[in-house]
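The structure appears below as structure tokens.
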Amino acid sequence: MVEYYGTTVPLSQTANIAVEDARTLTVTPWEKGMVGVIEKAIMSANLGFTPVTAGTVIRVPLPVLTEERRRDLAKLVKQEAELGRVAVRNVRRDAMTDIKEALKEKLINEDLERQGAQQIQDLTDRHVAEIDRISEEKQKEIMEF
């Protein structure tokens, strides 16, 4: 967040942010007077970045990830995967409720209800497995660098 004319706004609303190379971001403020303010905001964000100013362009070199930071990122991946699994299960619950209501209202018969429930469970299992696979791949990727 950057102080911009008395209001705190996201950095992206005061400057262009671009990737210069794999380890460097460039921040180009829209107004020349904002260079110092943006540089100060980046340093005070406590992200471990040390910006380097060259005229109106601020370069932000990204440090190499430490082992501890990699473990933190891997934990974050696990948490996001769990949120994804919960979301899939919530959709399953809603779909099962809809099928049971359709059965109560005699819109479908018991065979269709069982068939639909089985299809929903198969889709749920497939998507949860996909979330698990992607999560494991991402955790390995994070830890190998």
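The values are calculated or read from the model by the stated rules, or taken from the named source; none is laboratory data. Bear in mind that the values here come from a model prediction, so they are computed numbers and not experimental data. Counting neighbours? That spans all protein chains shown, and the Cβs are built from the backbone with ideal geometry, glycine included.
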Report summary line: Flagged in region 110-145 as surrounded by fewer than 11 Cβ atoms within 10 Å (Cβ to Cβ), farther than 30 Å from residue 73 by Cα and touching a helix residue (DSSP H, G or I) at 6+ places or on another chain (Cβ under 8 Å), in numbering order, are 110
**Report entry** Given (1) polar (S, T, N, Q); (2) closer than 30 Å to residue 123 by Cβ; (3) modelled with pLDDT under 90, number of the condition residue 79 does not satisfy
**Finding:** (3)
Report summary line: Counting only residues in region 3-14 that are surrounded by 11 or more Cβ atoms within 10 Å (Cβ to Cβ) and over 22 Å from the mean Cα position of the chain (by Cα), the one nearest to residue 58 (Cα to Cα) is identified as 14
Report summary line: Counting only residues that are in contact (Cβ under 8 Å) with a residue 12 or more places away in the chain and in contact with a strand residue (DSSP E or B) (Cβ under 7 Å, 6 or more places away or on another chain), region 1-33 contains a total of 15
Query raised in the report: Restricting to strands (runs of 3 or more DSSP E) lying wholly in region 1-115: which have 1 or more residues that are under 30 Å from residue 135 (Cβ atoms) and among the acidic types (Asp, Glu)?
Result: 15-21
Requested in this report: Select from region 108-145 the residues that are polar (S, T, N, Q) and more than 19 Å from residue 83 (Cα to Cα) and write down the one among them that is nearest to the chain's Cα centre (by Cα).
Outcome: 119
Report task. With the condition kept exactly as written, say whether any residue in region 90-105 is closer than 28 Å to residue 139 by Cβ, of a type in the set (A, V, I, L, M), outside the structural domain of residue 20 (by TED's automatic domain parsing) and touching a residue at least 40 places away in the same chain (Cβ under 8 Å). Result -> no
Query raised in the report: In this structure, does residue 122 turn out to be more than 27 Å from residue 8 (Cβ to Cβ) and either of a type in the set (D, E, K, R) or in the same structural domain as residue 10 (by TED's automatic domain parsing) (or both)?
Result: yes
Requested in this report: Answer yes or no: is there a residue in region 64-75 that is in contact with a strand residue (DSSP E or B) (Cβ under 8 Å, 6 or more places away or on another chain), closer than 29 Å to residue 3 by Cα and of a type in the set (A, V, I, L, M).
Outcome: no
